Amino acid sequence: MSTGSRSPLTTANPYLPALLLLFVGSGCAALMYEIVWFQLLQLVIGSSAVSLGVLLGTFMGGMCLGSYVLPRFIDARRHPLRVYATLELGIGIMGLLLLFGMPLVNSVYAAIGGGNLFVRGIVAAICLLPPTLMMGATLPAIARWVEATPEGVSWLGFFYGGNIAGAVIGSLFAGFYLLRVYDMGIATYAAVAINLIVALLGLLIASRTPHSTPAIAARGSVARAPGARTVYVAIALSGFTALSCEVLWTRLLSLVFGATVYAFSLILACFLFGLGIGSSIGSVIARDSRRPRAAFGWCQMLLCAAMAWAAYMLQRSLPYWPINPSITGDPWLNFQLDIVRCLWVVLPAAVLWGASFPLALAAVAAPGEDSGRLVGGVYAANTVGAILGSLGTSLIVTQSIHTQHGEQLLILISAVVGLTLLAPMVVGDRKETTAELAAEDVAGPAGARPVHGTRWASVVALIAATGVAGVLWRTVPPVPGILVAYGRYAATWIGLTNIIYVGEGLNAFVAVSETPNGVRNYHNAGKVQASSEPQDMRLQRMLGHFTHLIPKTPTNALVIGCGAGVTAGAVSIGPGVKHMTIAEIEPLVPASVSKYFGDYNYNVVDNPKVTVHIDDARHFLLTTNQKFDAITSDPLDPWVKGAATLYTREFFDIVKRHLNPGGVVTLFVQLYESNTQATKSEIGTFLEAFPNGVVWGNTNNGEGYDLVLMGTVEPLTIDIDALQAKLDRPEYAEVRQSLSEIGINSAVDLLSNYAGSASDLAPWLKDAPINLDRNLRLQYLAGMGLNLYESGPIYADMVQYTRFPEKLFTGSPASIEAVREGIQRQLGRP
């Protein structure tokens, strides 16, 4: 250990607990910002995989640059804690600027029609690079308070672990509490407050501990640790495998748990938890080990087994655990189970990845080296690999070789990295690092040690590990179709259905199944999203036909969400519809899934009047100048992370701006796998945007099943006789046939599904939580009800307020009376 000037950081330092607390706070605030900023920017540039890739790449790229650049531009003589405190203050200021500046960014982005990847990247960079540069610089800044010795490097590992521990707290605190109960503003203020407290504590400690600059050799004069370049490449590839696996495992675990915002927060927290444990273990090993490079290499070899374990659990074990989430109505009980299952899968590998960072630091550390540059270089290399892993896996691997072969590739990469790190000790170059040289000098001359025996043992161990890695590579199982189709309910559907198509898409897994009685189902997010079941066909056809029958001139129509294509097909056969756009986020859905429902959707994707636009529908509307006479929205369940952005008040305002005079908007709202508050939020938000709106019910066996919401800018009146006359025209024969197939044989039958208006439902909706861009309240409410089946009680509670709408319908007295009687029957009233 160096005997030169000492830094203030020693094991006897009374401020050591406070320093660890600072890094916990810093990590907590950083993850809170990450969650908030991702939600804010998704509202601007979209929530497709491409947009998320741009966001993640920019976020991590900023941290990489910050960690690498700061030590090269800030003088080492400056007090590290003052530099650190300044960075924390800067992050807090940027957090406030982004919160209040995002509406301006949104308006500018919409004005320039930023639909291409380059513009999305520029917007993300402008917003995220300044704060993430400062985030990435915090660890190198504080690193200058220690020397590049085994003890000092181990403390850097502990600080890194403390930062990750804070990240776990931040992700859970924001995802499960702040954003669920409050909004993005409150979450931002909480993060800013943490930044401020951390900065003030840092300045306070700095004022009481004068900085004694360690003896740092002149730039270029430090003897580089032997094999340092190999270690840098290895830690980069370790970051690559870590983020690649996180991407793949998150996609699979979201099927197992249900793709709610809670599930994503939980998966992230468990992954970070493992990294934190591993970094602490690695720090202890780095302090005491004579061979940190060898320990780093064995970490990578062990990762082969840990990744194979996760693949086996996710694809061969977890889907078949005898679990039925609907047994309990308490979501917290299911969350407890999800935590156990998540840790069971990801913890072994996450611990090893966490241990790799401090071991890599120890493997490249040299006496007299600038600790800031040491940490910054290793952190930057690791982050570069992480960026390439997350982007490459999200946008390339899942599309080209898919999950199973992607997992196999990552096992091979870890094996190669481990072999590369361990090879020198096998072939005779045992003195891999400066730390090892010092340790061996203390131990005595080389002749006093059983070198050859150790070497042969190492050769045997390495050959055995290589063989095991090869075996593990072959044992990675494929993703089971039953998991893709039924997700968290997979175990309850084994042997009851036939999976006829499974696709791994850019944004999600999709599947098509067929039951023994011939019912076809389209699956996305691990559940049925559309089917040929009578109740589903009735809803899809009602949604589509209302969309083109109510406007006087439905020339140009927009369908949000292709799905099985039944709704889009119902719109497309409207004689008045001359052009129709389908906005679908997942390319596989129109390209493959809809073909399996051609008999039900009139082969809508192949219709010459139809244009398919692959993008997040919100982003499409934000960046297009088109206006429409009819818009219908049939998105994924609102509990699916990201879907709630299509149910906000601001989105409905965007929709209104794209409506021609006399235009109509329809929206699907499910009552199953939901709860009362989520349903109120959907309806209340829609009717606040469209105060002339109407709710239509779709019942199944006399009970509520789902709803169609209809909105217009102008007051809505429906002429019953004119609608019937339209249906009686020869050109509407296909429409009449489509409606008759779902039990609707006249305009009276169709309009008898009336279930309420804004004035009717005002008492029921008085406590409805309005879903806004700022809070995305719906995704948190709906996430609590994904395992509930309370559609009947929800509908009955709602329609008790329904009264016949005297001003909505016009026509002959006989027609009006027929609709009145039909509504009474549909509501189950005498």
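Points worth noting:
- Under 19 Å from a label point set 7 Å out along the Cα-to-Cβ vector of D599, the amide N atoms of region 737-753 belong to 737-743.
- Of all aspartates and glutamates in the structure, the ones whose alpha carbon falls short of 18 Å from that of K552, not counting any fewer than 8 places away in one chain, are D629, E714, D719, D721, D728, E731.
- FRET efficiency for Q824 and L200, using Cβ-Cβ distance with R0 set to 56 Å, rounded to 0.05: 0.25
- Segment E514-S317, length gained on full extension (0.36 nm per residue, minus Cα span): 68.5 nm
- Taking the helices alone, the chain has a mean residue ellipticity at 222 nm of -19500 deg cm²/dmol, built from -39,500 (n - 2.57) per DSSP H run of at least 4 residues and averaged over all its residues.
- Each Cα pair under 8 Å and six or more residues apart adds its sequence gap; the mean of these over the residue count of the chain is a relative contact order of 13 percent.
- Seen from Y596, the other residues with C-beta closer than 13 Å to its C-beta sum to a net charge of 0, counting Lys and Arg as +1 and Asp and Glu as -1.
- Charge context of A263, other residues only, Cβ under 10 angstrom, K/R +1, D/E -1: +1
- Applying 1/(1 + (r/R0)^6) with r as the Cβ-Cβ distance of K609 and R208 and R0 = 56 angstrom yields a FRET efficiency of 0.15.
- Three-way shape label, region 571-626, alpha-carbon gyration tensor, a/c 1.5: oblate
- Subtracting the Cα-Cα distance of I463 and F100 from 0.36 nm times their residue separation leaves 124.9 nm of extension gain.
- Normalised by the number of residues in region 496-584, the average gap of Cα pairs under 8 Å and 6 or more apart makes the relative contact order 20 percent.
- Table column - 3J(HN,Hα) (Hz), region 568-578, Karplus curve with 6.51, -1.76, 1.60, x for Gly and Pro: 4, x, 5, 5, 5, 7, x, x, x, 7, 9
- With both labels modelled 7 Å from their Cα along Cα-to-Cβ, the L412 to R657 distance reads 4.9 nm.
- Residues whose placed amide H lies under 5 Å from that of G704, excluding near-sequence neighbours: Y795, A796
- Net charge of Cβ neighbours under 15 Å - reference S48; Lys, Arg +1; Asp, Glu -1: 0
- Orientation-averaged projection of region 734-799 equals 7.1 nm² [convex hull of Cα atoms, one quarter of hull surface area].
- Computed FRET value (nearest 0.05) for E741 with D721, which takes r as the C-beta separation and R₀ as 25 Å: 0.55
- Three-way shape label, region 269-403, alpha-carbon gyration tensor, a/c 1.5: prolate
- Links that overshoot a 23 Å alpha carbon limit, given the list K578/K726; K578/K627; K527/K578; K627/K807: K527/K578; K627/K807
- Kirkwood hydrodynamic radius (C-alpha pairs) into Stokes-Einstein, region 467-578, 10 °C and 1.306 mPa s, D in µm²/s: 98 µm²/s
- Note that the chain presents 36 Å² accessible area per residue, ligands and nucleic acids not counted, probe 1.4 Å.
- Taking only protein heavy atoms and a 1.4 Å probe, the accessible area of the chain is 63% carbon and sulfur.
- When the alpha-carbon atoms of region 188-340 are used, the pair Rg, Dmax equals 21.8, 67 angstrom.
- With the simple spin-label model, which puts each label point 7 Å out from Cα in the Cβ direction, the A591 to V108 separation comes to 3.5 nm.
- Amide hydrogen neighbours beyond the local backbone of N771, cut-off 5 Å, H modeled: R649, T685
- Counting 0.36 nm for each residue step from E714 to E533 and taking away their Cα separation leaves a gain of 61.7 nm.
- For the chain, the Kirkwood hydrodynamic radius from C-alpha pairs, put into Stokes-Einstein at 25 °C and a viscosity of 0.890 mPa s, yields a diffusion coefficient of 85 µm² per second.
The values are calculated or read from the model by the stated rules, or taken from the named source; none is laboratory data. In this text, all values refer to a predicted model and were calculated from it rather than measured experimentally. Here the Cβ is made from the backbone with ideal geometry for all residues, glycine too, and neighbour counts use every protein chain on show. Calculation scope for accessible area: heavy atoms of the full protein, side chains included, ligands and nucleic acids excluded. Shrake-Rupley method; radii C 1.70, N 1.55, O 1.52, S 1.80 Å.
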